[in-house]
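Just below is one structure, and these are the notes that go with it.
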């Protein structure tokens, strides 16, 4: 059953007779259209893609299954007419994406035509959370490219090189090896910078005996990957070794014990418990992971209390971390898929914190 | 007067006693904070930056003028308490950015505390439309880098090379010369692809005697530039020459006649009239231009009917184009600033459509 048909089944459950879609990746997922602006209106019988002048040609090429409507101005100007033509009287909209002001104008314009707007949340995102074969192939390719890029990063990092220089060299590597625009800025965070979970690569010179967090991803046919490793140049110290082992223990625990049918909150807890028992619970301030697909962050959401249900063919990250201001941090992240009820890692990079020389060590 | 003080003056006019800001560039403009998530709450007396665990350290470093609040969860969970602490009872919000669902949850949570939410639009964006000295310096640097990148693109384009290859080489040039992540995907659109105003660089091989649209920008300290030129390899044909002259005539007319005190709609019309009189009005389907700053597209909006008032130190593009499906298109774009009431171009690239050999030229 194709994507639009799957969505149509849900429309019935939602009690709306059409869904209005504006979120870029939801739009692309359903229609194939990759432009930066446009609206889908999907009812049981019709599937429209409304775009302005800039995108009419592109929409025709990329979304052959959709009727292309050439629009001018805001949706309040053209949606009432379109909805009336198609006999639609109750339109669901993406309440977590549509700005309040657009909602208000649409509400006013549609009311005059007796058409109702009904808020919905995560309808297309929930479909997207479960990947089909083609999506999985793209993610597997993107994950392999991220592994290669980590290998490359490890080969060029040496004392005295700046974080920024490494990040740019790695980005060039990714792009030249087939990645589209990378899904997020590469993090190369050394020493105290590694205590920032979302650090930016800086002009800081990398030194020996300090943690270096490397977080990167590739993008293939729109699909992202996401990989983090923490390495050290030299022998490190007892702190690094201790923290590293705790994070790795938590990560391996999650890989071994997360199953389908479990809530994403329970999955988070499997790793979190390991870190809490080691006494670092407060230093692990973010969720265990997140879905990955057309967006680098999407459903499911692996964090405390999340009720998202883990299911077959969901793809997500498992990335516990410990962050200690001033000292630094350690994060280890794989991208994984649930298959046959269990977690199968798509990331293949070593998890042993290595020296620049390629020799082993630490832990 | 600093940015927060300018905003506070407007709060009084709006009749609200605080403004809640979530739009990333508005947040950065006011606070300096460059993280991807966070909320500002600005009242006459206080200026708060609320961030989650990931950004506490970074917020402290980047936003020294703000009190940093460490938050957990959605704004409905923490804003009521914060607002009550600060004696705020009527909070303005960015209705063109806040999703409907977030608004609803906030509205419900705040109502219990007797706190009102008032929609606002384009408050910070209007401040941002008028650039200060530091912003202008960054844009001038970014514009010069775009010029250099165009020169570089022209030097490498030859028959048989793919659009994608050129785009990637130009991106590497921009980044290696100091651009941060580029503000938008570089457009290299040849032949029929150039008829798509927002074409993506493809695997198509560039050929002689067809229009090639080159649209690129740099980013310096967050500030963008935007430049388009259309070139041709070989001698072209009569069509190219005729279309090129019309677009160039419209562009030069706009540069010479746009002044401060004029609406952006009237400015658009100055160029549009030239194209309409030449009989190609319907082939110029987008606006004449847009403001440029921390966002590649921001206020003012130069398009038919726009009431945005052009003012001293506004920075925007002037980019008329003619697009003919199957044949191709021509667009010529400068980034400009209004100073002493008149348009001063910041782009310096030649507007003569050149051959690859650097010799002449078409028109």
Residue B:173: part of a helix (DSSP H, G or I), in contact with a helix residue (DSSP H, G or I) (Cβ under 6 Å, 6 or more places away or on another chain) and more than 10 Å from chain A (Cβ to nearest Cβ), yes or no? yes
Of the residues in the range B:252-268, how many are in contact (Cβ under 8 Å) with a residue 60 or more places away in the chain and surrounded by 24 or more Cβ atoms within 10 Å (Cβ to Cβ)? 2
Scan the range B:77-119 for residues that are part of a helix (DSSP H, G or I), within 13 Å of chain A (Cβ to nearest Cβ) and touching a helix residue (DSSP H, G or I) at 6+ places or on another chain (Cβ under 6 Å) and report the count. 4
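Do the conditions hold for residue A:145, that is, is it in contact (Cβ under 8 Å) with a residue 60 or more places away in the chain, surrounded by fewer than 20 Cβ atoms within 10 Å (Cβ to Cβ), in contact with a helix residue (DSSP H, G or I) (Cβ under 8 Å, 6 or more places away or on another chain) and under 20 Å from residue A:297 (Cα atoms)?
No.
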So which residues in the range B:2-40 are without any contact (Cβ under 8 Å) to a residue 40 or more places away in the chain, within 14 Å of chain A (Cβ to nearest Cβ) and crowded, with 16+ Cβ neighbours inside 10 Å? B:24, B:32, B:33, B:35, B:38
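Suppose we filter B:88, B:69 for residues that are modelled with pLDDT under 95 and touching a strand residue (DSSP E or B) at 6+ places or on another chain (Cβ under 6 Å); which single one remains?
Selected residue: B:88, the only one of B:88, B:69 that is modelled with pLDDT under 95 and touching a strand residue (DSSP E or B) at 6+ places or on another chain (Cβ under 6 Å).
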If you go through the range B:176-201, how many residues are closer than 23 Å to residue A:36 by Cα, within 14 Å of another protein chain (Cβ to nearest Cβ) and not in a helix (DSSP H, G or I)? 16
If I filter the range B:207-225 for residues that are assigned to a strand (DSSP E or B), over 23 Å from residue B:146 (Cα atoms), more than 13 Å from chain A (Cβ to nearest Cβ) and at pLDDT 95 or above, do I get at least one hit? no
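Search the range A:153-170 for residues being within 12 Å of chain B (Cβ to nearest Cβ) and out of contact with any strand residue (DSSP E or B) (no Cβ under 8 Å at 6 or more places or on another chain), and hand back the single one that is surrounded by the most Cβ atoms within 10 Å (Cβ to Cβ).
Step by step, filter the range A:153-170, then rank; the result is A:169.
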Considering only residues of the range B:269-289 that are free of Cβ contacts under 8 Å to residues at least 40 places away in the same chain and within 14 Å of another protein chain (Cβ to nearest Cβ), which is surrounded by the most Cβ atoms within 10 Å (Cβ to Cβ)? B:288
Within the range B:172-185, which residues are touching a strand residue (DSSP E or B) at 6+ places or on another chain (Cβ under 8 Å) and crowded, with 18+ Cβ neighbours inside 10 Å? B:174, B:179, B:182, B:183
Would you be able to tell me the number of residues in the range B:61-73 that are within 14 Å of another protein chain (Cβ to nearest Cβ) and within 28 Å of the chain's Cα centre (by Cα)? 2
Looking for something surrounded by fewer than 19 Cβ atoms within 10 Å (Cβ to Cβ), within 13 Å of chain A (Cβ to nearest Cβ) and under 25 Å from the mean Cα position of the chain (by Cα) - is there at least one such residue anywhere in the range B:45-60? no
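This table checks each residue for (1) closer than 16 Å to residue A:6 by Cβ; (2) not in a helix (DSSP H, G or I).
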position	(1), (2)
A:30	yes, no
A:50	no, yes
A:56	no, no
A:60	no, no
A:64	no, yes
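The values are calculated or read from the model by the stated rules, or taken from the named source; none is laboratory data. All of these numbers come straight from a predicted model, not from anything done at the bench. Here the Cβ is made from the backbone with ideal geometry for all residues, glycine too, and neighbour counts use every protein chain on show.
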